[in-house]
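Chemist: Following this message is one structure expressed as structure tokens.
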Amino acid sequence: MPTPAGAEAPAGDTLEAELALVNEAQRVLASDPKRALALAEEHAKRFPDGALAQEREVVAISALLALGRRDAAVSRGAKFAATWPRSAHLVRISAMTGDAQ
């Protein structure tokens, strides 16, 4: 059932919507990094502090690298490290960007 305008969606619906966006971004990452980045940006707008924000950022950083936008990827990786300094994803981001975290 659609949520009325201005009303909060139930938590389960929100997580399902987040998961759908992140899963789709991950699915298209290898074949269409531009689309994956667009989906990550859509997630960031809709769910800036969402439960899957870290996963979204990993996809975005991967997409930026695939698009040849290394400086943007490194910058986003640094912001990730500052936001989530104990994240399990830091090792992967460091390996992708070549930066020591």
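Chemist: Please identify the DSSP H helices in the chain that span no less than 18 Å along the helix axis (Cα) and have a mean Kyte-Doolittle hydropathy of 0.0 or more.
Modeler: Length and hydropathy pass: 11-28, 53-66.
Chemist: Still on this model: Quick one: if you take sqrt(5λ) for each eigenvalue of the C-alpha gyration tensor of segment 8-93, what semi-axes come out, biggest first, whole angstrom?
Modeler: Values for segment 8-93, descending: 21, 16, 10 Å.
Chemist: Among 54-62, 80-88, how do they line up by average Cβ neighbours within 10 Å per residue, starting with the highest?
Modeler: 54-62, 80-88
Only the coordinates and a few stated rules stand behind these numbers; no lab work does. Fair warning: this is a prediction, and the values are worked out from it, not measured in the lab. Reconstructed Cβ throughout: ideal geometry from the backbone, glycine too, with neighbour counts over all protein chains shown.
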